[in-house]
Amino acid sequence: MKDAKVIELEEVAIRFSGDSGDGMQLTGTLFSDASALFGNDISTFPDYPSEIRAPQGTVGGVSGFQVQFGHKQINTPGDYAHVLVAMNPAAVKANSTFMKPGGTIIYDVDSFTEKNLEKAKFTTDDPFAECNLEDFFKIPVPITNLTRESLKEYGLDNKSVLRSKNMFALGLVCWMFGRPLDYIENFIKTKFAKKPIVVETNLKVLHDGYNYGMNMQHMTPQYIVHPAAIEKGIYRNVNGNHATAWGFLAAAEKAGLELFLGSYPITPATDILSALSERKDLGVKTFQAEDEIAGICTAIGAAFAGDLAITNTSGPGFALKSEALGLSVMTELPLVVVNVQRGGPSTGLPTKTEQSDLLQTLYGRNGESPVVVLAASTPSDCFYYAYLSAKIALERMVPVVLLTDGFLGNGSEPWRVPSMDELPSITPRVAKNSEGFNAYARDPETLAREWAFPGMEGFQHRIGGLEKNIQGTVSHDPENHQRNCEIRAEKVERVSNMIPELEVCGDEDGDLLVVGWGGTYGHMISVVREMRKEGKKVSLAHFNFIKPLPKNTKEVFSKFKKIVVCELNLGQFASYLRDKLPEFTYHQVNKVKGLPFTVLELKENFEKLLED
């Protein structure tokens, strides 16, 4: 046999796609982890239906996982996939618009039956022609039959055999892209340690898929993507939800406090609860409450008792927590609420990403109820912003809302694990002097009150949702209420003294300033870098601190001819900026399709603005 053709690539995006039961999320995750360990920079995008088990073979039941990996910095999972691994006709139909022209489609030819073509609503027996994919390089592989052949000696029933076909696809793709199998082998051995037959069969199919790739060298070249040049350190592949959980673990250790999470399971935020519930060894207390309201109320109780108190949720749950969040504003207790945003309103799109909870976060409570609002921008920096949210809450005695989203929470990237020495100090405002203690006496600089909790002798005080005077006694005095409302608002504004100034990526003046916040960062920075290479005077200002805004925001905006605000909603941050800084004109790029931006659509919008 002649030597295989080897092609070197800068970066590649692969999309694994099939039925919800085909194991595409696991397949994509294992390939991503293997690529990260190989030394590539990666960015992932899990994309799956909200039904637990959608109808098999239908477009609505397709589950996908896209990963982009390369030997340079990777900020997005890729607009379009270079390679699609399709386990059935529905996967081809669902992903036909997400393929790069001239890309490669590896498909399980055994599943392209008349019945499955019907389920996917194809009207002919040529799905590729119907989807305008004739010019793509197509590799038919009998994955189902080869998996059956691989396991025929094991005496397994058909259902058990077909559970392993994702491993055949994974082995084949690992050969194509030169991924070593040792990490995947170790994962299977550890995951299924109590089921030796599952370990043996999955490893057998994995290697048979890899070997099949070696034997089909005449059909496809092998691709090489060299490791990336990255800063030395200890790395692991991390998704945003796990990074968020670990940020709180680090904050509790730094502050010398126990960590409490009161939570109710909700997609896509549940992994934070799961990750923290595994850390009883670090003294973490997790409480899975009967509902969202109980989740936040137990967290408020834990804050009153002296713990670093957290609650997590998504959009619908955040709405239910609004009254209790107002209670934490009134009591001025340190609380962090994590909202992993998803498509709404109501139940909406539970497994799809969106940024549509911003105005709810800023204003969605009764009365004058200000909270600090932060937003993470990549899966790995969810760690840092979770840590910083805890620091602000504990040092300023104020509730903090951390906004992430489904794209960040489920997406992953390599993360350099920091040492505790690298992280800023956290000094909770624990009361020290009981003589003349007043519950709502304040630090003149920060306006934060002192934190006194049960068991501290001499610090007894009343706390609750009714307005209080400085001693902590219930007060209906009009002047006192006016003064306290102003103080609570000003206390949040003074947090601007402890956050960094807004940074500009690119020149500090120019023709167009691209403005974004939260999880859109990867796509925004990618398009700005691309346009700057083409000589365009475009810069990026990406916000992680929403309320209060960085002190220099006005100064940054004033140096650009045009400002465009890009967000995955219908213009909520743009509306907020018009309220806070009305002297500027804000153009908008908005998307509410349950999908992240693509670099291509952003670039087209920016070029139109520059032409105008």
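The values are calculated or read from the model by the stated rules, or taken from the named source; none is laboratory data. None of these values were measured; they are calculated from a predicted model. Heads up, the Cβs are rebuilt from the backbone with ideal geometry, glycines too, and the neighbour counts pull from every protein chain shown. Quick note on the areas: whole protein, heavy atoms, side chains included, nothing else; ligands and nucleic acids left out. Shrake-Rupley method; radii C 1.70, N 1.55, O 1.52, S 1.80 Å.
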Charge dipole (the chain, unit charges on Cβ, about Cα centre) - positive-most of P180, N339, A441: P180
Give me the percent of the accessible area of segment 445-541 that comes from carbon and sulfur atoms, probe 1.4 Å, all protein chains in place. 46 percent
Segment 9-15 - phi-based ³J(HN,Hα) in whole Hz, Karplus 6.51/-1.76/1.60, Gly and Pro as x: 10, 6, 8, 9, 10, 10, 10
Y107's amide H: which non-local residues (gap 5+, or another chain) put their own amide H closer than 5 Å, with H modeled 1.01 Å from N in plane and none for Pro or chain starts? A86, I139, V141
Proximal charge balance of L156 [Cβ under 10 Å; K/R count +1, D/E count -1]: +2
Taking Lys and Arg as +1 and Asp and Glu as -1, residues besides I188 with C-beta under 13 Å from its C-beta add up to +2
Charge-dipole axis of segment 494-612 as Lys and Arg at +1 and Asp and Glu at -1 on Cβ define it, positive-most pick from V515, V565, N497: N497
Could you please state how large a percent of the accessible area of segment 348-405 is carbon and sulfur, counting protein chains only and using a 1.4 Å probe? 53 percent
About its Cα centre, segment 461-545 carries a charge dipole, from +1 on Lys and Arg Cβ atoms and -1 on Asp and Glu Cβ atoms, whose size in debye to the nearest 20 is 320 debye
In debye, nearest 20: dipole of the chain around its Cα centre with unit charges on the Cβ of K, R (+) and D, E (-)? 480 debye
Across segment 477-492, in residue order, what do the Karplus-derived ³J(HN,Hα) couplings come to in whole Hz, using 6.51 cos²θ - 1.76 cosθ + 1.60 with θ = phi - 60° and x for Gly and Pro? 5, x, 5, 5, 5, 4, 4, 5, 4, 5, 5, 4, 5, 5, 4, 5
Which peptide among 438-446, 284-292, 473-481, 44-52 comes first, and what is the full order, when sorted by highest mean count of other Cβ atoms within 10 Å? 44-52, 284-292, 438-446, 473-481
Highest-first arrangement of 189-195, 170-176, 396-402, where packing means the average Cβ count within 10 Å: 396-402, 170-176, 189-195
Name the residue farthest towards the positive end of the dipole of segment 260-406 from the options I296, Y264, L374, assuming +1 on Cβ of Lys and Arg, -1 on Cβ of Asp and Glu, about the Cα centre. L374
Quote the relative contact order of the chain in percent (integer), defining contacts as alpha-carbon pairs under 8 Å separated by 6+ residues. 12 percent
Determine the gain in length on full extension of the stretch D443-E278; use 0.36 nm per residue of separation and subtract their C-alpha separation, reporting nm with one decimal. 55.6 nm
Considering amide H positions built from the backbone, and no H for Pro or chain starts, which residues 5 or more places from Q341, or on another chain, come under 5 Å of its amide H? T404, D405, G406
Could you sort 500-511, 254-265 so that the peptide with the highest average Cβ count within 10 Å comes first and the rest follow in order? 254-265, 500-511
For segment 467-612, the Rg and Dmax computed from alpha carbons only, in angstrom: 19.0, 64
Phi to ³J(HN,Hα) by Karplus 6.51 cos²θ - 1.76 cosθ + 1.60 over segment 604-612, Hz, x for Gly, Pro: 4, 5, 5, 5, 4, 5, 5, 5, 5
If I compute Rg and Dmax of the Cα atoms in Å from the structure I just sent, which labelled value in (i) 24.4, 76; (ii) 44.4, 151; (iii) 26.4, 91 lines up? (iii)
Compute the Cα gyration tensor for segment 533-609, then decide on rounded, prolate or oblate, letting a ≥ b ≥ c be the square roots of its eigenvalues: rounded whenever a/c is under 1.5, prolate when a/b is larger than b/c in the other cases, and oblate in all that remain. oblate
Using a ≥ b ≥ c from the Cα gyration tensor of segment 59-182 (square roots of the eigenvalues), is it rounded, prolate or oblate, where a/c under 1.5 gives rounded and otherwise the larger of a/b and b/c decides, a/b for prolate? oblate
The answer for trypsin sites (Lys or Arg not before Pro) in segment 572-601 that fall in a DSSP coil and have at most 13 neighbouring Cβ atoms within 10 Å is K593
Looking at the square roots a ≥ b ≥ c of the eigenvalues of the Cα gyration tensor of segment 519-558, which shape do they give, rounded for a/c under 1.5, prolate if a/b is larger than b/c, or oblate? oblate
Net dipole in debye of segment 407-505 [+1 Lys, Arg Cβ; -1 Asp, Glu Cβ; about Cα centre; nearest 20]: 340 debye
Solvent exposure of segment 272-322 as accessible area per residue, Å², 1.4 Å probe: 38 Å²
Taking only protein heavy atoms into account and a 1.4 Å probe, give the accessible area per residue of segment 412-505 in Å². 57 Å²
Rounded to the nearest 0.05, FRET efficiency between K194 and E479 (Cβ-Cβ, R0 56 Å) equals 0.25
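Summing +1 for each Lys or Arg and -1 for each Asp or Glu, what net charge is found among the other residues whose Cβ lies under 15 Å from the Cβ of Y363?
Values: positive: K321, R365, R488, K547, R578, K580; negative: E323, D357, E368, D579.
So the environment of Y363 carries a net charge of +2.
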